[in-house]
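Reviewing the structure listed below.
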Amino acid sequence: MFYKTIITKFYQPNNLSSFSSKRMFYSLAEITRVLGQDAALKMKEQGVSFSAHKKIISPNLFPTTRPINLLVLTKNSEKKVFENLSGPPKEVSVHIGDVETLIKVASQSNTESVVLSWESVKSDLESLITQIPRLSWVHSSTAGVDRIMSPVISQSCPVLTNAKGAFSSSLGEWAIFSSMFFLKRVPEMRESQEKKEWNVLVIEELRGKVFGIVGYGDIGRECATRAKFLGMKVLALRRRPELSSVEEGIIDKIYHPNDLNQLLSECDFVVNSLPLTNETRGMIGKEQFDSMKKNSVFINVGRGATVDENALIVALKEEKIKGAALDVFQQEPLPSTHPFYEMTDKVLLSAHCADRTVDYDQLTMNIFLENLLRFLNHQQLENIVDLKNGY
C-alpha cells in the first residue's frame, strides 16, 4: 500500500553518506530486511537519513561480485521502463530482445544467467530457457503465471518468481469501485442524465454489508483491507486457512474451499481473486451462483477460466444475482458477439485493465529490481512460484 521509488545511480559502500536527502526514502527496517543488519547499521553510521515510509531498494545501491547475464525477453525492447536496467554493476551484462536474439547470446556464454520474461509468450520462454547452459532464475513480469506454465517451464526453471503484489492495490480499489457501482445505482444515474430527467434514487451504503473473497492471497488481502476500512464484514476463503487468522483485524471469518457455497450464501459482494490452476478451473458455476443471495454482486479480478460464464449469464438473466463486475474472461479479447456486452444494466465490464495504472510497467519492474538485489547478494528471493501448484 506504499508508493515505491527507484534509485538510478550507483554508489560504492564507502560513499553511502553522499546520497542526496531528496532521494533517500528508505526505512531502516526495510534496508535491514533486504540487505542485512550490518549494511543497514553501516549506512546509519555514515549519516544516511531514513524515512518512516517503506520504499523499494534498487540493485543500484551496492556493487556485486556475482557475474551474470540478465536476459530480458520482450517483443518491445524500446520500452521506457527498461531504462531502469541501464548502468548496472560491471559484472551484470544486460541483454534486451526477442527470443532469437537472446538465444544467440545465451549459446555463446557460460555465465550464470537470469531471465526476465516481460509479457512474453509461453513458446518463446520455453525456447529460450532450454538453450541456457547456466540458468539460475526466471522472473515473470506478471502476477499470474498460468499463461506461461507448462511441463517444459516446470522442468527447466530452477526458480520462477512473479510480480505478485505489484498490481494488487489497484485491483483492490476496482473491487470497491465495482461494489459502489451497483450499490449507488450508477447505471440508473447515467440513464437519467442521458434522458435529462431529475430522478431521485434511493441508494445503499457499503457499511454493514458482507464482503466475501474467494482466493485470499495478495489481491484478496488488498480487497479485504479496503472493505474493512469502509465498515464491511469480511469473509475469506483460501486453500490453506491456517495461513490466515481472524486476529489480523481484517478477516471476520475464514473458510476452507469445501465450504465455498456456505461463504457465498452469506455475502452481499463476492470477489473472485483465484489463480488459474487445474483445481480452480471452472470452480465457480451454477451450484455456486444458486447459493448466492438474489441481491448479491459477483466481482471477478482473478482469472476468467475459474468461472463458468454460461452459468453466470443464466444467473444474471434469471435474476438469481443482482449483477456482475468482470475484468477477466474465458476468452480475451472478449468477442463482440458475447452476451455480456448487451447486459449493460447488470454487468460492469472492463477489458482486463483494472490493474493497468499509468505506472504499471514501473510497478512490475520494482518487484523485479528488489528481487535482483537479493539475488546479487545471495539472499532468498521473494514471490517464488510453486511450480507444482502454478502460483
Tally time: how many residues in segment 286-327 are closer than 14 Å to residue 341 by Cα and among the small types (Gly, Ala, Ser)?
3
For residues in segment 165-202 being assigned to a helix (DSSP H, G or I) and open to solvent by 100 Å² or more (accessible area, probe 1.4 Å), which is nearest to residue 275 (Cα to Cα)?
173
Sort out which residues of segment 262-289 are assigned to a helix (DSSP H, G or I) and out of contact with any Lys or Arg (no Cβ under 6 Å at 6 or more places or on another chain), and write them in order of number.
262, 263, 264, 265, 266, 286, 287, 288
Is it the case that segment 246-263 has a residue that's crowded, with 21+ Cβ neighbours inside 10 Å and touching a residue at least 60 places away in the same chain (Cβ under 8 Å)?
no
Checked segment 133-142 for anything modelled with pLDDT of 95 or more and either of a type in the set (Lys, Arg) or crowded, with 19+ Cβ neighbours inside 10 Å (or both); matches are 135, 137, 138, 139, 140, 141, 142
Among the listed residues 279, 287, identify the single one that is modelled with pLDDT under 95, among the charged types (D, E, K, R) and surrounded by fewer than 19 Cβ atoms within 10 Å (Cβ to Cβ).
279
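The rows are residues; the columns are (1) in contact with a strand residue (DSSP E or B) (Cβ under 9 Å, 6 or more places away or on another chain); (2) open to solvent by less than 40 Å² (accessible area, probe 1.4 Å).
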position: 299; (1), (2): yes, yes
position: 305; (1), (2): no, yes
position: 311; (1), (2): yes, yes
position: 341; (1), (2): yes, no
position: 345; (1), (2): yes, no
position: 366; (1), (2): no, yes
position: 370; (1), (2): no, yes
position: 373; (1), (2): no, yes
Give segment 112-164 a look and list any residue that's in a loop (DSSP other than H, G, I, E, B), farther than 19 Å from residue 96 by Cβ and over 23 Å from the mean Cα position of the chain (by Cα), or say none.
130, 133, 134
Would you say residue 329 is surrounded by 14 or more Cβ atoms within 10 Å (Cβ to Cβ), more than 22 Å from residue 217 (Cα to Cα) and of a type outside the set (Lys, Arg)?
no
Among the numbered criteria (1) buried (at least 16 other Cβ atoms within 10 Å of the Cβ); (2) of a type outside the set (A, V, I, L, M, F, W, C); (3) at pLDDT below 95; (4) not in a loop (DSSP other than H, G, I, E, B), which single criterion is violated by residue 239?
(4)
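The values are calculated or read from the model by the stated rules, or taken from the named source; none is laboratory data. All values reported here derive from a predicted model rather than from experimental measurement. Here Cβ is always computed from backbone atoms with ideal geometry, including for glycine, and neighbour counts include all displayed protein chains. Quick note on the areas: whole protein, heavy atoms, side chains included, nothing else; ligands and nucleic acids left out. Shrake-Rupley method; radii C 1.70, N 1.55, O 1.52, S 1.80 Å.
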